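Since the structure comes first, as structure tokens, the remarks are kept for the end.
The values are calculated or read from the model by the stated rules, or taken from the named source; none is laboratory data. No experiment lies behind these values; they were computed from the predicted model shown. Ideal geometry is used to build each Cβ from the backbone, glycine not excepted, and the neighbour counts take in all protein chains shown. Just so you know, the surface numbers come from the protein's heavy atoms only, side chains and all, with ligands and any DNA or RNA stripped out. Shrake-Rupley method; radii C 1.70, N 1.55, O 1.52, S 1.80 Å.
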Amino acid sequence: GTHRGTRETGISLTRYLIEEQRAGHVCADLRLLIEVVARACKSISHAVSKGALGNVLGDAGTDNVQGEAQKKLDVLSNEILIEANEWGGHLAALASEEMDHCQAIPNVYPKGNYLLLFDPLDGSSNIDVNISVGTIFSVLRCPDGVTQPTDEHFLQPGTAQVAAGYTVYGPSTVLVLTVGHGTHAFTLDREQGGFVMTQRDIRIPEETQEFAVNMSNMRHWYPPMRRYVEDLLAGKTGPRGKDFNMRWVASMVADVHRILTRGGIFIYPRDTKDPDKPGKLRLMYEANPMAFVVEQAGGAATNGYERLLDIQPSKLHQRVAVFLGSKNEVAVATRYHREAQ
Ligand code: AHG
Ligand code: MN
Ligand code: MN
Ligand code: MN
């Protein structure tokens, strides 16, 4: 057979992880954790693709800690990820958008040194209308000597992540992963049931002419955001003279995947609708993992003022404003906010 060099695509996720372990970039437990999460994403992909035939659409009839009505798939994907990770012995605890507080691995199982956070189903509002959704995950180390982790042990800045990524359940199912050595994409081969590397060392173009924001909130934005978008629409930012195009899927994983693939700037700013909420997206399992993936692909991610990965979290489900994508455009949008201070 063909002997693929270690810098080519076409290799399996398993081989990529073995090579990262050989290079000292991941240890055996982290490799197992990523394989387990990938396997859980395969199961979620299978459930999502059944749609109306799988009795997985519609509301679960319960609310989550965010005050959102849970979809059946929110609950199912959350359970799939919990069950997949319990027995492996690689995790000390896990936390999720759909759990009020973190959950320690039950004492019947051995515990490991990692903490896993996830948004089990991102883009829930799109499930019932058959638009791409996804799963977002983030891995932190459990502080030494902590055997019963609590929420506080999860409150580490994004720079402490040892791995992060997402799986987008779209026309194809694509797992995008970083362990701190570049960002790579793996497409699910459904016949063999395995993820195959289809992009290595993804690079986000530094300039863009495509922005992603929910414009319906415009009248609630703070002045810097309004000024930035007005100037963007007037052709005053980005590579001179060209109009911007707009895309807003309302599934963060789909918008971020498009930006990783062809550039762009994704923005969910804070707004005056709820001054207590500094934005809609959650820092620990949406903004931070996406920021790690984006930075490892040569992009940038801020909250309008500072680098997202530097933020010291204070609450497990805290929200944050997000500006991420093509480095130069994120810098322009961030400057509008910094200069307004
Ligand atoms: P989730 O479905 O996990 O709650 O996340 C939804 C988020 C994110 O995926 C997306 O970018 C954003 O909500 C869309 O917000 P709007 O519906 O306000 O546009
Ligand atoms: Mn939700
Ligand atoms: Mn989400
Ligand atoms: Mn979600």
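Charge dipole (Cα centre; +1 on Lys/Arg Cβ, -1 on Asp/Glu Cβ; no other charges) of the chain amounts to roughly 880 debye. In this structure the chain gives 42 Å² per residue of accessible area when probed at 1.4 Å with all protein chains present. Of interest is the spacing of the C-alpha centroids, which for region 156-173 and region 249-321 amounts to 12 Å. Beta bridges assigned by DSSP with both partners in the chain are antiparallel in approximately 85 percent of cases.
Computed from the C-beta positions of Asp144 and Glu86, the FRET efficiency with R₀ = 25 Å rounds to 0.65. Considering only Tyr109, His25, Gly67, the residue lying farthest towards the positive end of the dipole of region 1-134 is His25, judged by Cα position with unit charges set on Cβ. Heavy-atom surface analysis with a 1.4 Å probe gives the chain a carbon and sulfur content of 49 percent of its accessible area.
Charged side chains reduced to their Cβ positions (Lys and Arg at +1, Asp and Glu at -1) give region 81-185 a dipole of some 400 debye around its Cα centre. The separation of region 66-143 from region 324-341, counted between C-alpha centres, amounts to 32 Å.
Listed by chain and number, the lysines placed with their C-alpha closer than 19 angstrom to that of Lys327 are Lys236, Lys242; residues fewer than eight positions away on the same chain are left out. Where in region 310-341 does the amide nitrogen come within less than 14 Å of the point 7 Å from the Cα of His220, taken along Cα to Cβ? In region 310-341, the label zone of His220 (backbone N under 14 Å from the point 7 Å along Cα→Cβ) covers 320-321. Rounded to the nearest 10 degrees, the inclination of helix 28-50 to the longest alpha-carbon principal axis of the chain is 70 degrees.
Kirkwood's formula applied to the C-alpha pairs of region 28-113 gives a hydrodynamic radius of 13.9 angstrom. Applying 1/(1 + (r/R0)^6) with r as the Cβ-Cβ distance of Thr14 and Asp231 and R0 = 41 angstrom yields a FRET efficiency of 0.30. Show log10 I(q)/I(0) for region 114-223 at q = 0.11 Å⁻¹, two decimals, from a solvent-free Debye sum over equal Cα scatterers. Result of the Debye calculation: -0.54. The equivalent ellipsoid of region 221-310 has semi-axes of 21, 19, 12 Å, largest first, where each one is the square root of 5 times an eigenvalue of the Cα gyration tensor.
For the chain, the longest principal axis of the alpha carbon atoms and the long axis of helix 72-86 meet at an angle near 50°. Since only Met225, Phe211, Ser172 are under comparison, the one whose Cα sits farthest along the positive direction of the charge dipole of region 153-241, derived from C-beta charges on Lys, Arg, Asp and Glu, is Met225. Dipole orientation for region 265-341: of the candidates Tyr336, Met284, Leu309, Met284 has the Cα lying most toward the positive pole (charges on Cβ; Lys, Arg +1; Asp, Glu -1). Sorting 45-51, 317-323 by their mean Cβ neighbour count within 10 Å, with the most densely packed peptide first, gives 317-323, 45-51. Around the Cα centre of region 253-341, unit charges on the Cβ atoms of Lys, Arg, Asp and Glu (plus for the first two, minus for the last two) sum to a dipole of about 100 debye. When you count the other C-beta atoms within 10 angstrom of each residue and take the mean per peptide, 31-42, 7-18 line up highest first as 31-42, 7-18.
Mean separation of Cα pairs under 8 Å and 6 or more residues apart, divided by the residue count, gives region 26-127 a relative contact order of 26 percent.
Counting every pair of alpha carbons in the chain, the share spaced more than 31 Å apart comes to 30 percent. Taking a straight Cα-Cα cut-off under 17 Å and skipping sequence neighbours fewer than 8 places away in the same chain, the lysines within cross-link reach of Lys280 are Lys315.
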